[in-house]
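The values are calculated or read from the model by the stated rules, or taken from the named source; none is laboratory data. Values in this document were obtained by computation on a predicted structure and should not be read as measured data. Cβ coordinates were reconstructed from backbone atoms using ideal geometry, including for glycine residues, and neighbour counts include every protein chain displayed.
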Amino acid sequence: MGATISQVDKTTRQDLILRLISERDLGTQQDVVGALADEGVEVAQATVSRDLAELGVLKVGSRYLALPHDPGSAGIEVLPSFVLRIVPAQNQVVIHTRDGTAGAVSSVLDRVKGLKLLGTIAGQDTVLAIAPDADAAGEVAGLIADVCRAKTRPAGSVE
């Protein structure tokens, strides 16, 4: 545990939250408060709640995922409309989509913080997502399926 940083500006704190979500399996606001404390940043749970809501962090299953806000880009909310079938295969996930939507799905997956993917390749109606190993591919497939079944909720809500 590092030394406590007395004042951290909002942008720095939110950037740190996104980094921590991408590096650790965090599933509660208290987990985020604890992870920030490990980095030397002391913050109230209410502040974390506001930060998570402002960052657009979603709780998917038992963990947080974040999609940085890029104006004009598709968000994670398009997955239920575009994804038809998800098939994990070794360290890969084959994602069948509606015709012409694979590029948007691939773009969304590439930008999600906390998703254990090395990268994606999109065709017309299929995305190949490559994970570091079979366990990560299974987790990615499960998280995408949870999003598609609407087992998501904004992370800034009361837990």
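Which of the residues spanning region 87-124 are in contact (Cβ under 8 Å) with a residue 40 or more places away in the chain and either more than 13 Å from ILE144 (Cα to Cα) or part of a strand (DSSP E or B) (or both)?
The answer is VAL87, PRO88, ALA89, GLN90, ASN91, GLN92, VAL93, ILE95, ARG111, LYS113.
Collect the residues in region 130-158 that are assigned to a loop (DSSP other than H, G, I, E, B), modelled with pLDDT under 90 and in contact with a helix residue (DSSP H, G or I) (Cβ under 6 Å, 6 or more places away or on another chain), keeping them in residue-number order. Reasoning before the result, please.
First, the residues of region 130-158 that are assigned to a loop (DSSP other than H, G, I, E, B): 131-133, 149-151, 155-158.
With modelled with pLDDT under 90 added as a condition, the list becomes 149-151, 155-158.
Listed by number, the residues that qualify are ALA155, GLY156.
Could you check GLN14 against (1) out of contact with any helix residue (DSSP H, G or I) (no Cβ under 7 Å at 6 or more places or on another chain); (2) assigned to a helix (DSSP H, G or I) and say which number it fails?
Evaluating GLN14 over (1) out of contact with any helix residue (DSSP H, G or I) (no Cβ under 7 Å at 6 or more places or on another chain); (2) assigned to a helix (DSSP H, G or I) leaves (1) as the failure.
Does ILE17 satisfy the condition of being in the same structural domain as CYS148 (by TED's automatic domain parsing), surrounded by 14 or more Cβ atoms within 10 Å (Cβ to Cβ), of a type in the set (A, V, I, L, M, F, W, C) and modelled with pLDDT of 90 or more?
Judged against the criteria, ILE17 is not a match.
Counting only residues that are over 13 Å from GLY123 (Cβ atoms) and charged (D, E, K, R), how many does region 98-112 have? Before you say what the answer is, go through the steps one by one.
So the first thing to find is which residues in region 98-112 are over 13 Å from GLY123 (Cβ atoms), and the list is 107-112.
Still in the running and charged (D, E, K, R): 110-111.
Residues meeting the conditions: 2.
Filter region 27-43 for residues that are part of a loop (DSSP other than H, G, I, E, B) and over 21 Å from the mean Cα position of the chain (by Cα); which is surrounded by the most Cβ atoms within 10 Å (Cβ to Cβ)? Full working, then the answer.
To start, the set of residues in region 27-43 that are part of a loop (DSSP other than H, G, I, E, B) comprises 27-28, 39-40, 42-43.
Adding the requirement that they be over 21 Å from the mean Cα position of the chain (by Cα) leaves 40, 42-43.
Details: GLY40: 14, GLU42: 13, VAL43: 16.
Going through the qualifying residues, I end up with VAL43.
Report whether or not ALA44 is in contact with a helix residue (DSSP H, G or I) (Cβ under 9 Å, 6 or more places away or on another chain) and of a type in the set (Gly, Ala, Ser).
Working: in contact with a helix residue (DSSP H, G or I) (Cβ under 9 Å, 6 or more places away or on another chain): yes; of a type in the set (Gly, Ala, Ser): yes.
Taking the combined requirement at face value, the residue satisfies it.
From LEU58, LEU52, LEU65, grab the single residue that is modelled with pLDDT under 85, more than 13 Å from VAL140 (Cα to Cα), surrounded by 20 or more Cβ atoms within 10 Å (Cβ to Cβ) and not small (Gly, Ala, Ser). Please lay out each step first, then the result.
Values: LEU52 fails: modelled with pLDDT under 85; LEU65 fails: more than 13 Å from VAL140 (Cα to Cα).
The unique qualifying residue is LEU58.
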